[in-house]
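S.K.: One structure, as structure tokens, below. Some questions next.
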Amino acid sequence: MTNTDTYAYASRLRSIEPMQKFIFALLTLAICLWANHVIVSVLVIIIMGGCAVWYGGTPLSFYLKLLLIPLAFLLIGTLTIVINISSDSSIFIWSIPIGNTWLGVTQVGLYKGVKLFLRVLGSVACLYFLSLTTPMVDILSVLQRLKLPQLLVEMMSLIYRFIFVLLDTANTIVIAQDSRLGYRNLATGFRSLGSMAANLFIRAYKRSNAIYISLEARGYDGELQVVKESYKSSRCLSVATIGVNLFLIILTLILNRRI
Amino acid sequence: MRESVLKLEDLNFKYPDGTHALKEINMEFKRGEFIALLGSNGAGKSTLLHHLNGIIRPSSGRVLFEGKPVDYSRKGIIALRQAVGMVFQDPDNQLFSASVYQDVSFGAVNLRLPEDEVRRRVEIALERTGIAHLRHKPTHALSFGQKKRAAIAGVLVMEPQVLALDEPTAGLDPKGVTEIMQLLKETQRELGLTVIISTHDIDIVPLHCNRVFVMAEGRNILEGTPQEVFSQSQILRSANLRLPRIGHLMEILKEKDGFAIDDIPMTIAGARKALKKL
């Protein structure tokens, strides 16, 4: 499974100062949430998606697949807003009778649902821009600069580094088990899965000891301090950050006051 | 006469579970040597290596660095670990950072060097290990051989005097083995390092090493030049080791087929010379 991080390393926007990309993504995210307007949300999706796909170089097919991930959750969530129960049948645009009440879709509910759906999708698009153009290592260096506790940043960094080792080891164990019919039926499968998980935990524990010894051998004194990477500063991005967001703010104000 | 850089005197080590891993070890490593620590699995090679940079303290006996007993205080350990760099067998245990460049810089940053110096050393180390083109790659995307090089680079940045490697050729393909050994040989020559490798890859030993120590069941049973050590085939076999393939062939030709060979050669070049003389 190719993940967003692989595309982040391949992105054309990879070497831009991560703090700039971070601000761009989060500021636009904030504006999108604050605006709570259908047009603004759609614009955010297009702008952020466009930056990731056309400027960054992420394949469009992959980007669309990524958008499908929150879709299931989103649809269920908005469905509960769109569908209402009321004894007053006149408010519905479409409804079915259940006993004494009516279950259906109201205009207000539909509008609210669509607004929420697009607002969430817009926010997701902002975060996808960040994760598709900025490798995890760079995001962590930004968090560190924002004075997130060093311990937290180090833990995130180690988890990210070793999750691949963990998945790989788990996969190898499962293949070996499968080759000995460990997953021939559901009951056997659960048993195999359980012993795999226990084995994985023990291996992780042993590995963490070995890593500690390795770190000690290179002078570890409690902090995983490394040298910072150097990046390019993009004036284009700074201009875009201010420009896009100013535009969206003004647009929102116009649309809300119906000027 | 080469000066002693590391010395183990009457060293014993027992693991907490009672395993007597090292018994009465007396070994001396001299400056500039390329040393092989031979032994079967469980002979105590890794345990011995861990004594060299203070990861383990002996149960009895002592470790001397440059003639002086190791100072196990905080300052002493820091100085020892700068001077004795250790590369472990599994590079995945050594590369903790997701960025190659940052992982290599770790050792130098811990030496509290100024940033320019750190960057300079990282560049040199990356060039020397031939992975400069991988500096911006994530570590999990590297092949096994590339990870091994990154691990070595991470130790070279500390500019050690001794480079100790635990099974450096384990898991590498034939080309990888040759490349790593060449890298080590060149680095040793250019920097004047003392290199200690623990291995049970017999065939590379006569090609690169000028001193060999053989371990079995926690004891040092044989030491000398590769020629001296490999002439003791009985002792080697009792330690679950063997002669280099070439050496074994030449031994059979000499003893069973009556070929007129003087000193049994251990390398292809040596065998060729001996056979051409016949």
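The values are calculated or read from the model by the stated rules, or taken from the named source; none is laboratory data. Everything numeric here is computed off the predicted structure, so don't read it as measured data. Please note: Cβ atoms are built from the backbone with ideal geometry, for glycine as well, and neighbour counts cover all protein chains shown.
S.K.: For region A:174-182, indicate whether the set of residues that are of a type outside the set (A, V, I, L, M) and not in a helix (DSSP H, G or I) is non-empty. I'd like the intermediate steps shown before the answer.
M.R.: Filtering region A:174-182 down to residues of a type outside the set (A, V, I, L, M) leaves A:177-180, A:182.
Within this subset, residues satisfying the condition of being not in a helix (DSSP H, G or I) are A:180, A:182.
Yes, because at least one residue in region A:174-182 is of a type outside the set (A, V, I, L, M) and not in a helix (DSSP H, G or I).
S.K.: How about region B:106-134: which of its residues are more than 9 Å from chain A (Cβ to nearest Cβ), under 25 Å from B:MET181 (Cβ atoms) and not β-branched (Val, Ile, Thr)?
M.R.: Within region B:106-134, B:ARG121, B:GLU123, B:ALA125, B:LEU126, B:GLU127, B:ARG128, B:GLY130, B:ALA132, B:HIS133, B:LEU134 meet the criteria.
S.K.: Any chance you could count how many residues in region A:159-176 are more than 9 Å from every other protein chain (Cβ to nearest Cβ) and either farther than 14 Å from A:ILE202 by Cα or small (Gly, Ala, Ser) (or both)?
M.R.: Taking region A:159-176 as the starting set, the residues that turn out to be more than 9 Å from every other protein chain (Cβ to nearest Cβ) are A:159, A:166-167, A:169-176.
Checking which are either farther than 14 Å from A:ILE202 by Cα or small (Gly, Ala, Ser) (or both) leaves us with A:159, A:167, A:170-172, A:174-176.
Counting residues in region A:159-176 that are more than 9 Å from every other protein chain (Cβ to nearest Cβ) and either farther than 14 Å from A:ILE202 by Cα or small (Gly, Ala, Ser) (or both) gives 8.
S.K.: Right, here's the next one. Which residue out of A:VAL120, A:VAL137 is in the same structural domain as A:PHE73 (by TED's automatic domain parsing), within 26 Å of A:LEU67 (Cα to Cα), touching a strand residue (DSSP E or B) at 6+ places or on another chain (Cβ under 8 Å) and assigned to a helix (DSSP H, G or I)? Spell out the reasoning first.
M.R.: Numbers: A:VAL120 fails: touching a strand residue (DSSP E or B) at 6+ places or on another chain (Cβ under 8 Å).
Just one listed residue meets the conditions, A:VAL137.
S.K.: Return yes when B:GLU123 is assigned to a helix (DSSP H, G or I), surrounded by fewer than 15 Cβ atoms within 10 Å (Cβ to Cβ) and at pLDDT 90 or above and no when it is not. Even if it seems obvious, please write down each step before you answer.
M.R.: Details: assigned to a helix (DSSP H, G or I): yes; surrounded by fewer than 15 Cβ atoms within 10 Å (Cβ to Cβ): no; at pLDDT 90 or above: yes.
Answer is no for this residue.
S.K.: Is it true that some residue in region A:208-218 is at the interface with chain B (Cβ under 10 Å from one of its Cβ atoms), free of Cβ contacts under 8 Å to residues at least 24 places away in the same chain, touching a Phe, Trp or Tyr at 6+ places or on another chain (Cβ under 8 Å) and part of a loop (DSSP other than H, G, I, E, B)?
M.R.: So far as region A:208-218 goes, yes, one or more of its residues are at the interface with chain B (Cβ under 10 Å from one of its Cβ atoms), free of Cβ contacts under 8 Å to residues at least 24 places away in the same chain, touching a Phe, Trp or Tyr at 6+ places or on another chain (Cβ under 8 Å) and part of a loop (DSSP other than H, G, I, E, B).
Residues are listed down the side, and each one gets a yes or a no for (1) touching a Ser or Thr at 6+ places or on another chain (Cβ under 8 Å); (2) at pLDDT below 90:
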{"site": "B:VAL212", "(1), (2)": "yes, no"}
{"site": "B:MET250", "(1), (2)": "no, no"}
{"site": "B:LYS256", "(1), (2)": "no, no"}
{"site": "B:ILE261", "(1), (2)": "no, yes"}
{"site": "B:ILE268", "(1), (2)": "no, no"}
{"site": "B:ARG272", "(1), (2)": "no, no"}
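S.K.: Six or more apart or on different chains, Cβ under 7 Å: which pairs go from a residue in region A:28-47 that's under 16 Å from A:ILE242 (Cα atoms) and assigned by TED's automatic domain parsing to the domain that holds A:ARG119 to one that's surrounded by 16 or more Cβ atoms within 10 Å (Cβ to Cβ) and of a type in the set (Gly, Ala, Ser)? Could you list them?
M.R.: Filtered contacts from region A:28-47: A:LEU29/A:SER123; A:CYS32/A:SER41; A:CYS32/A:GLY122; A:CYS32/A:SER123; A:VAL44/A:GLY122; A:VAL44/A:ALA125.
S.K.: Additional query: Take the residues of region B:66-78 that are more than 10 Å from chain A (Cβ to nearest Cβ) and in a helix (DSSP H, G or I): which is nearest to B:LEU111 (Cα to Cα)?
M.R.: If we filter region B:66-78 for residues that are more than 10 Å from chain A (Cβ to nearest Cβ), which is where we start, we get B:66-73, B:75-76.
Adding the requirement that they be in a helix (DSSP H, G or I) leaves B:75-76.
Values: B:LYS75: 12, B:GLY76: 13 Å.
Checking each candidate, the answer is B:LYS75.
S.K.: Listed residues A:ALA52, A:ALA72; which is of a type in the set (A, V, I, L, M, F, W, C) and in contact (Cβ under 8 Å) with a residue 24 or more places away in the chain? Break it down into steps so the answer makes sense when it comes.
M.R.: On the way: A:ALA72 fails: in contact (Cβ under 8 Å) with a residue 24 or more places away in the chain.
The unique qualifying residue is A:ALA52.
S.K.: To continue, here is another question. Go through (1) away from every other protein chain (no Cβ under 14 Å); (2) at pLDDT 90 or above and name the single condition A:SER179 misses.
M.R.: Of the numbered conditions (1) away from every other protein chain (no Cβ under 14 Å); (2) at pLDDT 90 or above, the odd one out for A:SER179 is (2).
S.K.: Oh, and also: With the checklist (1) surrounded by fewer than 23 Cβ atoms within 10 Å (Cβ to Cβ); (2) under 24 Å from the mean Cα position of the chain (by Cα) in hand, flag the one item B:LEU95 doesn't pass.
M.R.: (1)
S.K.: Within region B:156-275, considering only helices (runs of 4 or more DSSP H) that don't extend past its boundaries, which have at least 3 residues that are on the phi < 0 side of the Ramachandran plot and either in contact (Cβ under 8 Å) with a residue 60 or more places away in the chain or surrounded by 18 or more Cβ atoms within 10 Å (Cβ to Cβ) (or both)? Talk me through it step by step, then tell me what you get.
M.R.: Numbers: elements: B:174-191, B:205-208, B:226-230, B:233-238, B:245-255.
Answer list for region B:156-275: B:174-191, B:205-208, B:226-230, B:245-255.
S.K.: Could you figure out which of (1) part of a helix (DSSP H, G or I); (2) within 19 Å of B:ASN12 (Cα to Cα) isn't true of B:VAL63?
M.R.: (1)
S.K.: How many residues does region B:115-166 contain that are touching a strand residue (DSSP E or B) at 6+ places or on another chain (Cβ under 6 Å) and over 19 Å from A:LEU224 (Cα atoms)?
M.R.: The initial filter retains those residues of region B:115-166 that are touching a strand residue (DSSP E or B) at 6+ places or on another chain (Cβ under 6 Å), namely B:151-152, B:155, B:158, B:160, B:162-166.
Subset that is over 19 Å from A:LEU224 (Cα atoms): B:160, B:162-166.
Within region B:115-166, residues that are touching a strand residue (DSSP E or B) at 6+ places or on another chain (Cβ under 6 Å) and over 19 Å from A:LEU224 (Cα atoms) number 6.
S.K.: If you check every pair at least six apart or on different chains, which have Cβ atoms under 6 Å apart with a residue in region B:33-61 that is within 14 Å of chain A (Cβ to nearest Cβ) first and a residue that is in a loop (DSSP other than H, G, I, E, B) second?
M.R.: B:HIS50/B:ILE56
S.K.: If you don't mind, another one. Taking the residues in region A:151-187 that are under 14 Å from A:LEU140 (Cβ atoms) and of a type in the set (Ser, Thr, Tyr) as candidates, determine which candidate is surrounded by the fewest Cβ atoms within 10 Å (Cβ to Cβ).
M.R.: Top of the filtered list is A:TYR160.
S.K.: For region A:84-117, which positions are in a helix (DSSP H, G or I), at pLDDT below 80 and touching a strand residue (DSSP E or B) at 6+ places or on another chain (Cβ under 8 Å)?
M.R.: Taking region A:84-117 and keeping what is in a helix (DSSP H, G or I), we get A:89-91, A:107-117.
Applying the additional criterion that residues be at pLDDT below 80 yields A:89-91.
The answer is A:SER89, A:ILE91.
S.K.: Among the listed residues A:SER230, A:SER195, identify the single one that is part of a helix (DSSP H, G or I) and of a type in the set (Gly, Ala, Ser).
M.R.: Working: A:SER230 fails: part of a helix (DSSP H, G or I).
Just a single option satisfies the conditions, and that option is A:SER195.
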